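For reference, the structure I am asking about is given below.
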Amino acid sequence: MPSKKALVRRPGPRLAEGLVTHIEREKVDVGLAVEQWEAYVEALRAHGWETVEVEAADDCPDAVFVEDTVVMYRNVALITRPGAESRREETAGVEEAVARLGCSVNWIWEPGTLDGGDVLKVGDTVYVGRGGRTNAAGVQQVRAAFEPLGARVVAVPVSKVLHLKSAVTALPDGTVIGHIPKVDRPSLFPGFLSVPEESGSHVVLLGGGKLLMAASAPKTAELLTDLGHEVVTVDIGEFEKLEGCVTCLSVRLRELYA
């Protein structure tokens with residue numbers, strides 16, 4: 001049976017110290033970020049998701065971006081080895097959380113690096129962004145973990161944004177969407193749909209045709225609404241200052257065994 005559980009992690013007091021690589025640093029209002037995070041979590045709950053809060057990691061500024069610490073395929077949790085060394089302490093609490101949920105737990109090992117934000121699943125195709133945070137050994141370990149389960153792992157280049165899912169995500173029918181100036185090779189994705197805003201590239205599938213999106217992409221929201229999707233928007237402006245988006249603030253577990 002499908003499951004609707006989502007891992008989330010509360011922003012810590014050092015959030016404003018989070019890493020930025022492809023944008024200019026801006027001042028982050030931590031108090032406002034906490035309010036935006038709570039509204040994001042409530043949006044998930046309002047659409048039928050049970051949120052599972054991972055133990056806080058207050059010494060890790062980027063820990064709120066919980067998606068980077070684990071990749072799910074069916075019931076298997078692949079604990080990552082983040083490309084930024086400062087983020088590697090984030091994984092312990094996530095490993096504990098997925099183990100409690102009954103997942104089969106695997107790990108990325110040195111010399112591999114992998115950030116969960118570099119992994120986009122479309123059906124049984126698993127696209128892995130090879131770029132600043134994920135290396136070739138990491139891609140190979142994703143293959144070793146998931147291809148025996150029926151996945152097809154496709155490596156794609158990422159150079160213009162932090163993670164693959166900073167550039168592209170997918171609609172419920174599998175159409176990959178992205179903002180062309182930020183996508184290295186759109187031709188790698190069958191049925192690619194260009195969207196007019198960078199933050200419009202990021203959608204979370206809530207179920208029932210509903211899409212969770214950032215409020216900063218109104219033109220894309222209008223486009224997707226015209227295509228028949230129901231769009232739910234949240235303001236995550238403080239996290240966007242840290243190259244965050246709606247996908248990286250949670251890990252959706254859709255195929256847990258009952």
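Failed condition for VAL34, given (1) under 30 Å from GLY208 (Cα atoms); (2) touching a residue at least 40 places away in the same chain (Cβ under 8 Å); (3) of a type in the set (A, V, I, L, M, F, W, C), with all others met?
(2)
Say we look at the range 163-190 and pick out the residues that are open to solvent by 20 Å² or more (accessible area, probe 1.4 Å) and out of contact with any strand residue (DSSP E or B) (no Cβ under 8 Å at 6 or more places or on another chain); which of these is farthest from LEU114 (Cα to Cα)?
ASP173
Also, I was wondering about something else. Can you tell me which residue is nearest to LYS4 (Cα to Cα) among those in the range 72-91 that are over 17 Å from the mean Cα position of the chain (by Cα), in a helix (DSSP H, G or I) and touching a residue at least 24 places away in the same chain (Cβ under 8 Å)?
GLU89
Quick check on my filter: what residues within the range 60-104 are open to solvent by 30 Å² or more (accessible area, probe 1.4 Å), of a type outside the set (Gly, Ala, Ser) and more than 17 Å from VAL8 (Cβ to Cβ)?
Residues satisfying the conditions are ARG74, ARG81, GLU85, ARG88, GLU89.
Residues in the range 25-41: is at least one open to solvent by 10 Å² or more (accessible area, probe 1.4 Å), under 30 Å from ALA136 (Cβ atoms) and not aliphatic (A, V, I, L, M)?
Looking for residues that are open to solvent by 10 Å² or more (accessible area, probe 1.4 Å), under 30 Å from ALA136 (Cβ atoms) and not aliphatic (A, V, I, L, M), one finds at least one in the range 25-41, hence yes.
From VAL183, VAL195, VAL234, grab the single residue that is closer than 30 Å to GLU95 by Cα and of a type outside the set (S, T, N, Q).
Result: VAL234 is the single residue among VAL183, VAL195, VAL234 that is closer than 30 Å to GLU95 by Cα and of a type outside the set (S, T, N, Q).
Of the residues LEU149, LEU212, which single one is closer than 20 Å to VAL8 by Cβ and at pLDDT 95 or above?
LEU212
Only one of LEU212, LEU224 is in contact with a strand residue (DSSP E or B) (Cβ under 8 Å, 6 or more places away or on another chain) and part of a strand (DSSP E or B); which?
Going through LEU212, LEU224 in turn, the sole match is LEU212.
Can you name every residue in the range 105-137 that is open to solvent by less than 20 Å² (accessible area, probe 1.4 Å) and part of a helix (DSSP H, G or I)?
Once the filter is applied, which keeps residues that are open to solvent by less than 20 Å² (accessible area, probe 1.4 Å) and part of a helix (DSSP H, G or I), the range 105-137 yields GLY116, GLY117, ASP118.
Right, another one. Specify which of the listed residues (GLU230, GLU255, GLU147) is under 25 Å from GLU55 (Cα atoms) and either open to solvent by 10 Å² or more (accessible area, probe 1.4 Å) or of a type in the set (Phe, Trp, Tyr) (or both).
When all the criteria are applied, what remains is GLU255.
The values are calculated or read from the model by the stated rules, or taken from the named source; none is laboratory data. Keep in mind the model is a prediction, meaning the values are calculated, not measured. No Cβ is skipped: glycine too gets one built from the backbone with ideal geometry, and neighbour counts run over all protein chains shown. Accessible surface is based on the protein model in full, side chains and every heavy atom, while ligands, DNA and RNA are left aside. Shrake-Rupley method; radii C 1.70, N 1.55, O 1.52, S 1.80 Å.
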